[in-house]
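FYI, it's all coordinate maths here, none of it is from the lab. Note that the structure is a prediction, hence the values are computed from the model and not measured. Cβ placement follows ideal geometry from the backbone for every residue including glycine, while neighbour counts extend to all protein chains displayed.
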Amino acid sequence: MFLNIRTLLVALLFSATTFAQQTETETEKNTNQEQHTSGTKVGSITVGAYLPIAFGENFVNDGMDLKMGAQMQLKLNVLGDFYIGPALSFFFADVNNRALVGNYDEMSNMVLGGVVGYEKQVERFDLSIGLGVGYSGYFNKGLGDSFEDNGTALWLRPEVSYRLANYVSFYVAPELRHDFMNIDVPSELKDTFGGVNYFNLGFGLRINFGTGYKFQ
Amino acid sequence: MKLHLYKILLFSAVLLFTSCEKLEITNNERLLVKGKVVDENGNALPNISIKTEAVNRSLANTRSDANGNFELTSLNANTDPLHVLVNIASSINFENENPDYSSKVYTSEGANSQLLLDLGTITLSGLGSFSLYLKNLSGDNNSLEYTLSYTSKVCRLSLESNSNPFCELDQVENGFADPTSENRTLNRESILGSVAVFEYKLNNGATQTIEIPVTNPPTTYVFEY
């Protein structure tokens, strides 16, 4: 008799506990869903490595060895899933064909510009595509002096980021970029110095701002 | 010994001066320098060095190919004259890099403003030399006034105009010797096959001219007065 009552009490306790946990989980899930739909997404900042890859007939691809750089981008969500923000990137290069580019040793490139784009969340992924435009400076060193080439950079940058935690993601962003150069050259050199094509690769960390990025 | 010391001091002073002078490279600009190098018979000259320089610093360099053609992209100096050196080892002493041929130096008047420097066909002649020995005869009481003209082995031209591309008789030296002067020897390098012109006046008399051929090995001409 006593054994039956004890068995019943244990069974009741177990079922009650289980029911209570299930209820709590559902409540949390509902709360999260509520936060997910009602939280705000302020924006994000990405900081990471930048691997430049030039292609085509131009002075960078034919006359330089490109080295790794870094990039940084701030996205501010201004209208639903649309964002704007500043972007900065830089990389370095060694001159390997002086007869083609001129007698100097090193180049560092920096792009400073603005981006307009669209971003969509899919599960733990944030997918975005941005169009950027900005100033592209080529700072050249050699001969004990420095001088500059510059132009206007235009780039298209899709980005995939995966949320490692609520506010931290890992991103990968290929980038198709063209620099319209301002270098004065005779007509024979227009193809080489008129512009530079890049297919660059960026990857690194992304910090998300706003409760709308909270996930679980 | 003193001469060596003087040379070392002079060289050091040139180095010091040139290293202090700042080269300003023009932003956003590249030049194309092209042409063809041939000898006096029109045969292509391969492996001849071509450089652009400003303030004694190399802005670009290359060598002529098997057909004598060359093409190089150069930086440009913002304020200083630009030099295009053909077959010159160093712009400090303007020695010929290939000792068998003459050299050419093209220089802009002020800062260069041309983006395309097409030098066309550049003729580098073979080199020869001559030696003029001025001998003061004892007992004669003559004075000598002379002008020696010959073609330089380094031909200096303007980048803007291509006049006198062979630099005939571009080197002119004047001299005077009185009865007490010592004998002197004038050894000069010049273009093989050209002539040096020695014009002289003895005791302020009429001008007379002697032509000395430039040969290899050198022709030695002895002038007694």
Handout entry: Stretchable slack from B:Glu95 to B:Phe223, in nm (0.36 nm times residue separation minus alpha-carbon distance)
Key = 43.1 nm
Exercise for the section: Could you tell me which of rounded, prolate or oblate describes segment B:65-141, using a ≥ b ≥ c as the square roots of the eigenvalues of the alpha-carbon gyration tensor, with rounded for a/c under 1.5 and, failing that, prolate when a/b is larger than b/c and oblate otherwise? Expected result: prolate
Fill in the blank from the handout: Quick numbers on segment A:107-176, Rg and Dmax over C-alpha atoms in Å, give 16.6, 54
Handout entry: Share of Cα-Cα pairs in the protein assembly as shown lying beyond 37 Å, as whole percent
Key = 53 percent
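Does segment B:23-123 classify as rounded, prolate or oblate by the C-alpha gyration tensor (a ≥ b ≥ c root eigenvalues; a/c under 1.5 gives rounded; else a/b over b/c gives prolate, otherwise oblate)?
Values: a/c = 2.23, a/b = 1.58, b/c = 1.41.
Prolate, because a/c is 1.5 or more and a/b exceeds b/c.
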Exercise for the section: Mind putting together the pair-distance distribution for chain B? All Cα pairs, 10 Å bins, whole percent per bin, short to long. Expected result: 8, 26, 28, 22, 12, 4, 0, 0
Handout entry: Residue mean of other protein chain beta carbons inside 10 Å, A:93-102
Key = 4
Completion exercise
re segment A:160-216: pairs of Cα atoms spaced beyond 15 Å account for a percent value of 64 percent
Completion exercise
Straight-line reach check, A:Lys41, cutoff 16 Å on alpha carbons, 8 or more apart in-chain or any other chain, hits among aspartates and glutamates -> A:Asp81, A:Glu119, A:Glu123, A:Asp126
Completion exercise
One would report the Cα pair-distance distribution of segment A:78-216, bin width 5 Å, in %, as 2, 9, 16, 19, 15, 12, 9, 7, 6, 4, 2, 0, 0
Practice task
Using only the Cα atoms of segment B:128-224, build the gyration tensor, take square roots of its eigenvalues as a ≥ b ≥ c, and label the shape rounded, prolate or oblate: rounded if a/c is under 1.5, else prolate if a/b is larger than b/c, else oblate.
Solution key: prolate
Fill in the blank from the handout: Counting other chain Cβ atoms within 10 Å of each Cβ in A:39-46 and taking the mean gives 0
Fill in the blank from the handout: Among A:Met107, A:Ser146, A:Gln71, the residue whose Cα sits farthest towards the positive end of the charge dipole of segment A:65-176, when +1 is placed on the Cβ of each Lys and Arg and -1 on the Cβ of each Asp and Glu, is A:Gln71
Fill in the blank from the handout: The summed charge of the A:Lys41 Cβ neighbourhood (under 12 Å; Lys/Arg +1, Asp/Glu -1) stands at 0
Completion exercise
Mean per-residue count of partner chain Cβ within 10 Å for A:177-188 equals 4
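Of B:Lys34/B:Lys104; A:Lys190/B:Lys36; A:Lys67/B:Lys22; A:Lys75/A:Lys120; A:Lys190/B:Lys34, which pairs sit farther than 19 Å apart, going by alpha carbon to alpha carbon? Let's see the in-between values first.
Numbers: B:Lys34/B:Lys104 14 Å; A:Lys190/B:Lys36 22 Å; A:Lys67/B:Lys22 30 Å; A:Lys75/A:Lys120 13 Å; A:Lys190/B:Lys34 16 Å.
In this structure, A:Lys190/B:Lys36; A:Lys67/B:Lys22 exceed 19 Å between Cα atoms.
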Exercise for the section: Quick one: angle between helix B:2-20 and the longest Cα principal axis of chain B, in degrees between 0 and 90, rounded to 10, please. Expected result: 30 degrees
